[in-house]
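Read the structure below first, then the notes.
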Amino acid sequence: MEKKKFQKLSIAALIISVLPLATFIPILFKFTLSGGIQGIWSAANMVFVLLGLCLSIVCVRNSESRSAVNIIAMIISILWVLMVAGFITLAFLLNFQQ
């Protein structure tokens, strides 16, 4: 029972970790979004990144439920977190450069 719970959680972590890639869907269809929708979408992406990281950490910490899916979700989440941290750092540097 416990292993099945972690298996579903690991699949959810992987799906949530990949959800920020949905940002590219409007680009593929050459569809432009308004500024408000872009802001909401970027906030949702940050929430998905953090949620995917938290879920994958929960799954990887338990040695019985550790699998390739969990490790892949963890790597994807860490890469997203590093990218978001880089964007935030770049934004601060560009705004306070004066």
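Rounded to the nearest 10 degrees, what's the angle between the helix 2-18 long axis and the longest principal axis of the chain, both from Cα atoms, 0 to 90?
20
In the chain, what percent of the accessible surface is made up of carbon and sulfur (1.4 Å probe, ligands and nucleic acids excluded)?
Here it works out to 75 percent.
Choose one answer from 62, 70, 45: the residue with the largest mean-square fluctuation in a GNM of the chain with alpha-carbon springs under 10 Å.
Highest fluctuation of the listed residues: 62.
With angles folded into 0 to 90 degrees, how steeply does helix 68-95 sit against the dominant principal axis of the chain? Use alpha carbons for both and round to 10.
Once rounded, the angle reads 20 degrees.
Where the Cα atoms of the chain are projected onto their three principal axes, how long is each span, largest first, in whole Å?
Here the Cα extents, ordered largest to smallest, are 53, 34, 18 Å.
Cβ neighbours within 10 Å, averaged per peptide: list 78-86, 20-28, 49-57 in order, most packed at the top.
Final packing ranking: 49-57, 78-86, 20-28.
Mind pulling the angle between the C-alpha long axis of helix 35-61 and the longest principal axis of the chain? Nearest 10 degrees, somewhere in 0 to 90.
So the inclination is approximately 20 degrees.
The values are calculated or read from the model by the stated rules, or taken from the named source; none is laboratory data. This structure is a prediction, so every number in the text was calculated from the model and none was measured. Virtual Cβ from ideal backbone geometry, glycine too; neighbours counted across all protein chains shown. Protein only, heavy atoms only, side chains kept; ligands, DNA and RNA dropped before computing areas. Shrake-Rupley method; radii C 1.70, N 1.55, O 1.52, S 1.80 Å.
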